[in-house]
1. When residue 60 is evaluated against the numbered criteria (1) surrounded by 14 or more Cβ atoms within 10 Å (Cβ to Cβ); (2) at pLDDT 85 or above; (3) over 24 Å from residue 103 (Cα atoms), which criterion, by number, is the only one it fails?
2. May I ask you to verify whether residue 14 is modelled with pLDDT of 75 or more, exposed (fewer than 13 other Cβ atoms within 10 Å of the Cβ) and assigned to a helix (DSSP H, G or I)?
Amino acid sequence: MNQRLHQAREDLLETVRSRTDSPDDEAPAIGPLSSQGQSDDAPQSEMMSHNEQHLADHESALLHEIDVAIGKLESGGAGICESCGRDIPEDRLLATPTVRLCIQCQEQLEKDQRTGRGPSM
């Protein structure tokens, strides 16, 4: 699982680099002016910039989750539910290596979020 997490991290970083790196004379694919061309109108550019920011935020959050999972593996805390302390089944970890809760606690969290109660930790 450690190798899988490290590979996922490298793949994500490569994706981010491919969008943010650009030749010296071009605006990067992600950035404040990246969506605004000479013929673009402001609302369309603003919407594209918002979408790019949302994507960057998502990738940043995913990178954080991968780093947390790698840290737990290295410290010996991987596979333990952060809410109840029970073991997380290996099948669940293999499907989603960054998972932090067992199925029962995840279901309770989702139920609480729908009712507005929030986490019951």
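The values are calculated or read from the model by the stated rules, or taken from the named source; none is laboratory data. Computed from a predicted model, the values in this text were never measured in an experiment. Neighbour counts are summed over all protein chains in view; Cβ atoms, including those assigned to glycine, are modelled from backbone coordinates with ideal geometry.
1. Condition not satisfied by residue 60: (1).
2. The answer is yes for residue 14.
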